[in-house]
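The values are calculated or read from the model by the stated rules, or taken from the named source; none is laboratory data. Everything numeric here is computed off the predicted structure, so don't read it as measured data. Here the Cβ positions follow ideal geometry from the backbone for every residue, glycine too, while neighbour counts run over all protein chains shown.
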Amino acid sequence: MTEPQNLLETWLAEERDIIAKLEAGPGPGVARPEQLSGKTGLEIMQAMLRGDIPYAAIAKTLDFTVISVSPGVAIFQGTPLPQHLNPLGTIHGGWVATLLDSALGCSVHTMMPPGRSYTTAELGVNYVKGLTPKVQRVRAEGKVIHCGRQLATAEARLVGADGTLYAHATTTCFVFEIPAGR
């Protein structure tokens, strides 16, 4: 078993490599339709990770980043910081929910064929342990449970490098054909 400090060092090294690629590309923003046309959701996510297309601005705003994607899986890593605190001194639940929602949605995105997309219809989050800035990084791993023609479901867990579970979540997404011209 990997020691928590060694695992944290691995996480930080992966984060540095990914952020360097993202920042060498166009930065945060919205991809142009021609950059997405004809690509699967997985191909789009992989292009973003290479820095070929913009990444979501919310990631920069809330101090998290996508770390890896594979079919049906998306891993995000976040830095809980003092600016994310609620008045009680723990990381705001909205920050945790956004990190989990990103991992969930992107795991579904990796399953989309060309011309198909999705939107979140339901998000359920269970908070199981308070998170503070003393925890240097957390990871949200989203995994698709089912991806059909009209609905997709996924689950995610938010953990620290020491294996502590802070929250877990599920989502239901509507799957649809992208309208012509978008």
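Evaluated against (1) outside any strand (DSSP E or B); (2) free of Cβ contacts under 8 Å to residues at least 60 places away in the same chain, E122 falls short on exactly one condition, (1). When residues in region 133-152 are screened for being in contact with a Pro (Cβ under 7 Å, 6 or more places away or on another chain) and part of a loop (DSSP other than H, G, I, E, B), 2 of them pass.
Residue under question is H109, and the condition is that it be exposed (fewer than 14 other Cβ atoms within 10 Å of the Cβ) and either touching a strand residue (DSSP E or B) at 6+ places or on another chain (Cβ under 7 Å) or closer than 23 Å to Q77 by Cβ (or both); does it hold? For H109, the condition - exposed (fewer than 14 other Cβ atoms within 10 Å of the Cβ) and either touching a strand residue (DSSP E or B) at 6+ places or on another chain (Cβ under 7 Å) or closer than 23 Å to Q77 by Cβ (or both) - is not met. Restricting attention to region 58-72, does a residue exist that is aliphatic (A, V, I, L, M), outside any strand (DSSP E or B) and touching a residue at least 60 places away in the same chain (Cβ under 8 Å)? No - not one qualifying residue is present in region 58-72.
Scanning region 127-180 for residues that are touching a residue at least 60 places away in the same chain (Cβ under 8 Å), exposed (fewer than 12 other Cβ atoms within 10 Å of the Cβ) and out of contact with any Lys or Arg (no Cβ under 7 Å at 6 or more places or on another chain) gives D162, G163. When G89, G78 are screened for being at pLDDT 95 or above and at positive phi, only G89 passes. Are any of the residues in region 153-174 part of a strand (DSSP E or B), closer than 30 Å to E9 by Cα and of a type in the set (D, E, K, R)? Yes.
Looking only at region 20-51, residues that are more than 18 Å from M112 (Cβ to Cβ) and buried (at least 16 other Cβ atoms within 10 Å of the Cβ) come to 4 in all.
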